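Down below is the structure, laid out as C-alpha cells.
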Amino acid sequence: MSAQRLLQGPLQVADWLAAPAPADCGALAFFAGTVRNQHEGRAVSGMHYHAYPALAEARLLEIETEAASRFGVYCRVAHAVGELVVGDVSVVVVVHAPHRAASFDACRWAIDTIKQTIPIWKEERYVDSSSRFLEGQILKDVKDA
C-alpha cells in the first residue's frame with residue numbers, strides 16, 4: 001500500500017484492508033465512500049475530483065495524527081483524485097483500535113473531518129454529458145473539526 005494519501009484514480013478497498021493490524025488492536029472500523037449514480041434528482045455518470053495536492057496530502061496526514069491523539073487509535077486515510085465512475089471508491093478511512101467504541105468514533109470523526117478540511121473539489125459528470133462543480137464549504141483546520 002502506498003504511503004501517499006492522495007491517489008490518482010479509484011481506490012482499491014482490498015489494498016486498504018490487507019495492511020496488518022497492530023498487535024494491541026482488537027477492532028477495525030472501515031469506511032469507503034463511492035460515487036453514486038444520482039444527486040439531487042440528476043443522473044450521474046461519474047465524478048472528477050480536483051485537489052490542491054500539497055495541502056491535501058498534509059491535511060490527510062494531520063487527520064491520521066489527530067485521530068491517533070484524540071481516540072488512541074491507528075488511522076489511515078486516502079482520497080482519490082481524477083476521473084471516477086459510478087461505483088468507484090473515492091475515499092477510505094481505516095481505523096484499528098484496542099476496542100470497538102474508539103474505532104467507530106475515530107472513523108466517523110475522520111470522514112467528517114475529511115469533508116470539512118481537505119481542499120478537494122468535486123466536479124459531477126452527468127449522463128446528459130453536462131457537468132458542474134458542487135458547492136463547497138469554508139475549510140476548517142483539522143484541530144478545529
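Could you tell me which numbered condition D15 fails, if it satisfies all but one of (1) part of a helix (DSSP H, G or I); (2) under 21 Å from T113 (Cα atoms)? Condition (2) is where D15 drops out.
Considering each residue of region 111-144, count those that are over 21 Å from V86 (Cα atoms) and touching a residue at least 60 places away in the same chain (Cβ under 8 Å), and give that number.
Of the residues in that region, 4 qualify.
Can you find a residue in region 60-76 that is of a type outside the set (S, T, Y), closer than 17 Å to W121 by Cα and surrounded by 15 or more Cβ atoms within 10 Å (Cβ to Cβ)? Checking region 60-76: at least one residue is of a type outside the set (S, T, Y), closer than 17 Å to W121 by Cα and surrounded by 15 or more Cβ atoms within 10 Å (Cβ to Cβ).
Taking region 89-145 and the strands (runs of 3 or more DSSP E) fully enclosed by it, the elements with 1 or more residues that are surrounded by 15 or more Cβ atoms within 10 Å (Cβ to Cβ) are at 89-97, 120-126. Here A80, A32, A43, A54 are screened, and the one residue that is of a type in the set (G, A, S), exposed (fewer than 14 other Cβ atoms within 10 Å of the Cβ) and assigned to a strand (DSSP E or B) is A43. For a quick check of your reading of the model, give me the residue pairs whose first member lies in region 60-86 and is of a type in the set (K, R), whose second is crowded, with 18+ Cβ neighbours inside 10 Å, with beta-carbon atoms closer than 6 Å and at least 6 apart or on different chains. Short answer, once both residue conditions are applied: R76/V94. Does Y52 qualify as being of a type in the set (F, W, Y) and touching a Ser or Thr at 6+ places or on another chain (Cβ under 9 Å)? No. Scanning region 62-86 for residues that are more than 15 Å from the chain's Cα centre (by Cα) and at positive phi turns up just one, G72.
Computed from the coordinates by the stated procedures, all read-outs in this text should not be read as laboratory data. The shown structure was predicted, so the numbers you read here are calculated from the model rather than taken from an experiment. Quick reminder, even Gly has a Cβ in these numbers, built from the backbone with ideal geometry, and neighbours come from all protein chains shown.
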